[in-house]
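Peer 1: Once you've had a glance at the structure underneath, I'll fire off some questions.
The values are calculated or read from the model by the stated rules, or taken from the named source; none is laboratory data. Quantities reported herein were computed from a predicted structural model and do not represent experimental measurements. Using ideal geometry, Cβ is built from the backbone for each residue, glycine included, and neighbour counts are taken over all protein chains shown. Each accessible area value is taken on the protein alone, full model and side chains, heavy atoms only, with ligands, DNA and RNA left out. Shrake-Rupley method; radii C 1.70, N 1.55, O 1.52, S 1.80 Å.
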Amino acid sequence: MAIYNFSAGPAVLPEPVIKQAQEELVNWHGSGMSVMEMSHRGPEFMSIHEEAKNDLRELLNIPSNYQILFLQGGASQQFSMVPMNLATVNNEVDYLHTGEWSKKAIAEAKKIAKVNIVANAEDKQFTYVPDFAGWQLNPKAAYLHITPNETIGGVEFYDLPNNVQVPIVADMSSTILSRPMDISRYGIIYAGAQKNMGIAGLTTVIIRDDLIGHAKAGTPAMMDYKIHADNDSMYNTPPAYSIYMAGLVFKWLKQTGGLDAMAKLNQQKATLVYDTIDQSHGFYRSPVAKQNRSWMNIPFTLQNDTLDKPFLKQAEEQGLLQLKGHRSVGGMRASIYNAMPMAGVVALTQFMKEFQKQNG
Ligand SMILES: *Cc1c(COP(=O)(O)O)cnc(C)c1O
């Protein structure tokens, strides 16, 4: 029986990637060493690091005035690093509040800067993105922080308002690499790797040159973008194995047609799940506004929540794992990142239809 893992993160990896990692585990490219055992300053790892950066730059078409940093600390550490490094000349910062992850980013920023909430979706339990027209932007803000894909709420948006005059900082942990994007519209993009880029331990930061080198006085070295940029992410020991795994994921993406092909597939996968929900006559429900439905994380509830447990149990028996919703939302959540094959989504939707037939 095929197993499909719908975990929100750490999440499923592409099968060819995990197989290649297995093949290379003990002896990487005839070096006689595992990547886990290598000096991060030796030629072998340096080449892994360099290729990972180059492949990511190519995949996302990252302009030359942006640096790629491979850091640790998770996306959560960026919640602090962003205001520590950017809220210097002006201590005022703008945040869009769209869900559980923006909430955490805001809480950290408040410890460091004066936070203005440009718009807040809490009035509808974070099931939509407030209209651009209503955003109360502060033209003097050091930056505007957004969360383009709220992993827990399943709320996603791609267009950006045209009237933002300050650098846009985006937490793209659960949506990076899911489709092409225009990097030049952003000041900083950051993402934990364990959703769409590889395994935990690595946080990728894509940062425009002019935003580096302004950290507040007293900022610890490890929290200063300039220290990491000046040292090519090797100020201290980098998360070497996680960088290697991300590198394999980047190669896999290039081989499978890059982000245009991935976007097409992701849209097809998401459409199949949402159609199954929408055509269930209310047996399944998506709480999210149609125009903001995520391609990556799909929360849904059952009309009759006494069926939640049997749904999860029978799904598991059919190899459909980790479909339980986040504790703050309840119900189910299917995370269908890049590495989830179409066959997994087909298996899920067939199960959903069959379950409805027997319990509807
Ligand atoms: C998972 C996630 C985080 C937290 O990531 P860590 O790497 O665990 O710190 C932050 N933001 C978003 C949008 C996420 O999905």
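Peer 1: Using 0.36 nm per residue of separation minus the Cα-Cα distance, give me the extension gain between Asn231 and Lys19 in nm, one decimal.
Peer 2: In short, 73.1 nm is gained.
Peer 1: Can you check how the C-alpha radius of gyration of the chain compares to 2.2 N^0.38 Å, as a plain ratio?
Peer 2: Ratio of Rg to 2.2 N^0.38 Å for the chain: 1.01.
Peer 1: Of the peptides 344-355, 255-266, how do they stack up when ordered by the mean number of other Cβ atoms within 10 Å, highest first?
Peer 2: 344-355, 255-266
Peer 1: A follow-up question, please. Would you mind working out the accessible area per residue for the chain, using a 1.4 Å probe, and quoting it in Å²?
Peer 2: Solvent-accessible surface per residue comes out at 44 Å².
Peer 1: If you count, for each residue, the other Cβ atoms within 10 Å and average over each peptide, how do 200-207, 309-316 line up from highest to lowest?
Peer 2: Result, highest mean Cβ count within 10 Å first: 200-207, 309-316.
Peer 1: While we're on this one: Evaluate the charge dipole of region 1-95 about its Cα centre and quote only its size in Debye, nearest 20, assuming +1 on the Cβ of each Lys and Arg and -1 on the Cβ of each Asp and Glu.
Peer 2: Rounded to the nearest 20 debye, it is 100 debye.
Peer 1: Add -39500 (n - 2.57) for each DSSP H run of 4 or more in the chain, then divide by its residues: what number comes out at 222 nm, to the nearest 500 deg cm²/dmol?
Peer 2: Value at 222 nm, helices only: -11000 deg cm²/dmol.
Peer 1: Here's a follow-up. Contour minus end-to-end for Lys264 and Asn65, with contour as 0.36 nm per residue of separation and end-to-end as the Cα-Cα distance?
Peer 2: Between Lys264 and Asn65, full extension yields an extra 68.8 nm.
Peer 1: Where does the charge balance sit around Ile106 when Lys and Arg score +1, Asp and Glu -1, over other residues with C-beta under 14 Å from its C-beta?
Peer 2: The answer is -2.
Peer 1: Then there is this: Please work out the C-alpha center-to-center distance from region 128-158 to region 34-58 and express it in whole Å.
Peer 2: The two parts, judged by their Cα centres, are 35 Å apart.
Peer 1: Okay, moving on. Just want the answer: with Cβ charges of +1 for Lys and Arg and -1 for Asp and Glu, which residue in Gly258, Gly154, Met46 is farthest toward the dipole's positive end in the chain?
Peer 2: Gly154
Peer 1: Any chance you could run the full-extension gain for Met36 through Gln291? It's 0.36 nm times the residue separation minus the Cα-Cα distance, nm to one decimal.
Peer 2: 87.5 nm
Peer 1: Carbon and sulfur together cover what percent of the accessible area of the chain at a 1.4 Å probe radius?
Peer 2: Looking at the chain in its full context, I get 50 percent from C and S.
Peer 1: As an exercise, identify the chymotrypsin sites (Phe, Trp or Tyr not before Pro) in region 38-86 lying in DSSP coil whose Cβ has no more than 13 other Cβ atoms within 10 Å.
Peer 2: none
Peer 1: How far apart, in nanometres, would the label points at Lys216 and Glu51 be if each is projected 7 angstrom from Cα along the Cα-to-Cβ direction?
Peer 2: Between Lys216 and Glu51, the label points sit 4.1 nm apart.
Peer 1: For the chain, with only Lys/Arg (+1) and Asp/Glu (-1) charged at the beta-carbon, what is the dipole magnitude about the Cα centre, in debye rounded to 20?
Peer 2: 660 debye
Peer 1: What does the charge add up to near Glu37, with Lys and Arg as +1, Asp and Glu as -1, over the other residues with Cβ less than 14 Å from its Cβ?
Peer 2: Value of the local net charge: -1.
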